[in-house]
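In what follows, a single structure is set out as structure tokens and then discussed.
The values are calculated or read from the model by the stated rules, or taken from the named source; none is laboratory data. The shown structure was predicted, so the numbers you read here are calculated from the model rather than taken from an experiment. Cβ sites come from the backbone with ideal geometry, for glycine too, and all protein chains shown count toward neighbours.
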Amino acid sequence: MNRFLLIILFFALSIFNSFAQKTTKHKVVSGDSFYSIAKKYGVTENDIYEANPKSKGQTLQLNTVLIIPSSKLTSKSNNKANQEFHVVASGESFYTIAKKYDLSVDDLKQFNPTILPNKLQVGTKLALTKNKNSKEKVEKSKEEVSSSNDLIHSVKKGETISHITEIYDVSFKELKKLNPGLDVKLQINEKIIIRKGKEKPKKEIIEPKVEPVKIISPTAVQLESMAAADDDVEEPDDSGEVTHVIARGETLASIARLYKTTLAKLQELNPKVGNKIFAGRKLIIKKGITPVKPQQVNLYADVEELVEEATPLSLEGLESADQLIAIASEHLGTRYRSGGTKSGGFDCSGLMCYTFSQLDFKLPRTSNEQSRTGKKIKKNQAQKGDLIFFSTNGRGTVNHVGMITEVVDDEIFFIHSSVSRGVIVSSNKEAYYAKRFVRINRVLDIIK
């Protein structure tokens, strides 16, 4: 009998030792999360939940002891997770994640077509492989098919018109034709018809006429070539002006404290801003000196002389201007990227090309060429939606462009992509731009 008990005790101890070797204990410390603990021990969060069922859905408490299964037990499921998905952690980007798994950024984008790299959020689950069901899953997540085979998108939290038009490769104008009441500002769960049936409508692209350059000398030929090649080259700001780009959540009072100045002083330097401030707009913190504008070399003097009397924009034109401003404003804070024409990053003319393409209007690719599109108008006739041009390369040739968002008395606010600060809203009263202003063009009356 004693021998039988000894045998049972031996087996019990063997099973206990085997289990003990396959688990370990972790005491929760400050800063721990299920994700960080799983990463530390080479297991998945689900492995931890299975070993600690009462912890699922609960907030981790300090000094709590968690049972962690051995990574050898979960190596099969863990390897599968590593091969198929990655959960985005703080500070990660498409580049760092692709490098971690020995993938290219293009591969990662292809596996995750509904996720924009510049909108990456902590906790997002990225696919690392493309399997036979991946396309089907993506389609189900981003669209619904009605009984008439219309392609329909249900708006999710945080989605913008720009995001949706990029996913489906359509323009805002195309969507408006199918959804007459569609507004740039979307509502969660709003249903948007992407296209009727299975046929994708052809875009009707409006290509504006660009005025030819009148070559006046060999020097002009050289300058014209250089102007086309140096969009957004910036001169140093020698005016001594200090500005601040308003971030989300900031107030005039908090900005005044940041720069150790008074609220009254800020309001004095920025009289047109008022109490309501907007993210992306620049505030003048310290007034600069605007030097006398130097004589500029004019590559198309015959065109420059033709300043036309402009009639006010029609109601349709004003509606188009509001739509353009709303679309461009979705990208406030987006980084500058030389040659960029997509939401991952823009140069100045790229932002204009992208924004106007949403109304199926094709602008020339460079700011220099864009400055010869439409008609030049007087500064005091400027309206929202007009293009405003500057010379920031020190040679007097147009190489920077923005779109006017608001005109308050004689002050013109415009949205543009700045080399140093990305997509922001600036004012023609800022010393840097006051010195470098060239012209204003109206193109909205071309759009029908």
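Structure notes:
- Restricted to the stretch 1-98, the set of helices (runs of 4 or more DSSP H) holding at least 3 residues that are modelled with pLDDT under 75 and surrounded by 12 or more Cβ atoms within 10 Å (Cβ to Cβ) comprises 75-84.
- V398 vs. criteria over 17 Å from G340 (Cα atoms), aliphatic (A, V, I, L, M) and crowded, with 21+ Cβ neighbours inside 10 Å: yes
- In the stretch 418-446, the residues that are assigned to a helix (DSSP H, G or I) and within 17 Å of D237 (Cβ to Cβ): A431, Y432, Y433, A434, K435, R436
- Positions within the stretch 160-178 being buried (at least 21 other Cβ atoms within 10 Å of the Cβ) and under 18 Å from G345 (Cβ atoms), in sequence order: S162, T165
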